[in-house]
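Here the structure comes first, spelled out in structure tokens, and everything after it is commentary.
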Amino acid sequence: MMKRDECLKVLARRRKDEIVVAVYTAAQEWIHISPSEWNYTFTGAMGQGSSHALGLALGRPDKRVIVLDGDGSLLMNLGSLVTIANAGAKNLVHCVCENGTYETNGGVPIPRAGQVSFTGFARAAGYPKTYEFSKLDDWDQGLDKILKEDGPILVDLKVEPGEDYPEDFRRLYSIEHREAFRKALQK
Amino acid sequence: MMDAKKAAENIVEGLKQVGIDFVATLPDLKLVEVIKVIDEDPDIKHVPLCREEEGVGICAGAYLTGKKTALLMQNAGLLNSCNGLTTTCLQFQIPILLLIYYAGDLGDRGFATLGSVTEPVLDGLGIRTYILRKMDEVAETLRGAQILAEDSRRPVAVLLTKSVLGVK
């Protein structure tokens, strides 16, 4: 099991100009860990992160799009795995921060917590590559390759809460940041 | 009545005239021809969906990359998409042209309940809605709806009835 913020810091160190779509707790931490005009935190409806990422990936095939999804979120939009595989988004890296709970909603366990294979779902849906990481060193070493190879790729990150970061829903949901993101994409 | 294929071509031509280049779809029996024409058009990126609400997120992401997007579905799909429409499109000011087959419209057997809640739900969401019943109004209505969507940065709904789809 990895501390989520440490796991995100590994990604932040490797990140260049990839678009990162982050949801819920991962988003609250990510905006502090890797501030960037390429951060997308405007998903609103639970479960929709992977769908937003697909729209971005199809609209900008020249850029890599990484989504930091949650396990509860993905269960709410599991069909998106099939939609993404069908669309053949080669530039999409679909990370699932698997903590086994609805953390933002009070920490209640998700159904079959720890007994569901998200990589299995993704492979069955047609993702050509999937990975699972529960150790920071392995994630650190595997990431360079993941950021280069053709997707869609699903990465199951086994995480638990790390340090506390201040919650800032106004920042996550601000129209100004959403507009800055749109403008950054048009540069 | 025009046949379904010609009606579909008429609708897709109307979409292209206003610059729509990205369409997410989930079929209804009455939308089959429209989906075929969209799928075969090289100027439109077509994204088939597993559930309609995915289309809201997908179109939102695509819009922010500069695409002009539409979401084609039945009105049951509209009901499936209400949270996405609210907390994505309305909250973040994202326009999408919603093309909705109006099941349960006047005289339609079997979908009366669905039909009866369709316009009130759109009204409740504050989404402006236009019902297309005449073939010769398709292009103008789609053009006007897309202008409203872009200028208001909100979704605008066009309800497609059997008469404009060339189906019974």
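Just so it is clear, none of the values below were taken in a lab; they were calculated from the coordinates. Just so it is clear, the model here is predicted, and its values are computed rather than measured. With ideal geometry, Cβ positions are generated from the backbone for all residues, glycine too; neighbour counts draw on all protein chains shown.
Which parts of the range A:45-64 would a label at A:Asn86 reach, counting a residue when its backbone N lies under 18 Å from a point 7 Å out along Cα-to-Cβ? Hits in the range A:45-64 for A:Asn86 at 18 Å: A:48-59. According to the square roots a ≥ b ≥ c of the eigenvalues of the Cα gyration tensor, what is the shape class of the range A:11-65, taking rounded for a/c under 1.5, prolate for a/b larger than b/c otherwise, and oblate for the remainder? Judged from the Cα gyration tensor, the range A:11-65 comes out oblate (a/c at least 1.5, b/c at or above a/b). Normalising the Debye intensity of the range A:2-186 to I(0), with uniform scatterers on Cα atoms only, and taking log10 at q = 0.08, 0.10, 0.17 Å⁻¹ returns -0.21, -0.34, -1.08.
Using a cutoff of 8 angstrom between alpha carbon atoms and counting only pairs six or more residues apart, the relative contact order for the range B:98-160 works out to 42 percent. Going by the alpha-carbon gyration tensor, a ≥ b ≥ c the square roots of its eigenvalues, is the range B:4-165 rounded (a/c under 1.5) or, if a/c is not under 1.5, prolate (a/b greater than b/c) versus oblate? Because its axes are fairly even, with a/c under 1.5, the range B:4-165 counts as rounded. Note: relative contact order over the range A:2-186, using C-alpha pairs below 8 Å and six or more positions apart, is 29 percent. Arranged from fewest to most other beta-carbon atoms within 10 Å of their beta carbon, B:Lys36, A:Lys187, A:Lys16 become A:Lys187, A:Lys16, B:Lys36. Non-local amide H neighbours of B:Lys45 (under 5 Å, H modeled in plane, Pro and chain starts lacking H): which ones? Amide H to amide H, under 5 Å and 5 or more residues apart or across chains, B:Lys45 pairs with B:Phe22, B:Val23. Taking label positions 7 Å along the Cα-Cβ direction at both B:Lys6 and A:Ala113, the computed distance is 6.2 nm, reported to one decimal. Can you tally the net charge around A:Arg64? Count Lys and Arg as +1, Asp and Glu as -1, for every other residue whose Cβ sits under 15 Å from the Cβ of A:Arg64. Local net charge: +3.
For A:Val21, the residues 5 or more places off, or on other chains, whose built amide H falls under 5 Å of its own are A:Tyr40, A:Ile66, A:Val67, A:Leu68. Between B:Tyr130 and B:Leu79, the distance separating the two model label sites (each 7 Å from Cα on the Cα→Cβ line) works out to 2.7 nm.
Charge dipole of chain A (Cα centre as origin; +1 on each Lys and Arg Cβ, -1 on each Asp and Glu Cβ, all else neutral): 680 debye, rounded to the nearest 20. Counted residue by residue at 0.36 nm each, then reduced by the alpha carbon distance between them, the extension gain from B:Ala112 to B:Glu140 reaches 7.2 nm. Taking the Cα centre of chain B as reference, the dipole from Cβ charges on Lys and Arg (+1) and Asp and Glu (-1) amounts to some 120 debye. Could you tell me which of rounded, prolate or oblate describes the protein assembly as shown, using a ≥ b ≥ c as the square roots of the eigenvalues of the alpha-carbon gyration tensor, with rounded for a/c under 1.5 and, failing that, prolate when a/b is larger than b/c and oblate otherwise? Verdict is prolate for the protein assembly as shown.
Each of B:Leu49, A:Leu68, B:Leu125 was scored by other Cβ atoms within 10 Å of its Cβ. Arranged with the fewest first, they read B:Leu125, B:Leu49, A:Leu68. When the charge dipole of chain B is built from unit charges on Cβ atoms (+1 for Lys and Arg, -1 for Asp and Glu) and taken about the Cα centre, the candidate among B:Gly77, B:Ile11, B:Ala62 whose Cα reaches farthest toward its positive end is B:Gly77. Considering only A:Val82, A:Val96, A:Val20, the mean-square fluctuation computed in a Gaussian network model of chain A, springs between alpha carbons under 10 angstrom, is largest for A:Val82.
As a rough footprinting exposure proxy, the listed residues A:Arg171, A:Arg112 were ranked by other beta carbons within 10 Å of their own, and the order from fewest upward is A:Arg112, A:Arg171. Here the relative contact order of chain B, from alpha carbon pairs under 8 Å that lie six or more residues apart, stands at 27 percent. On the basis of the beta-carbon distance and an R0 of 25 Å, A:Ala180 and B:Glu150 show a calculated FRET efficiency of 0.80.
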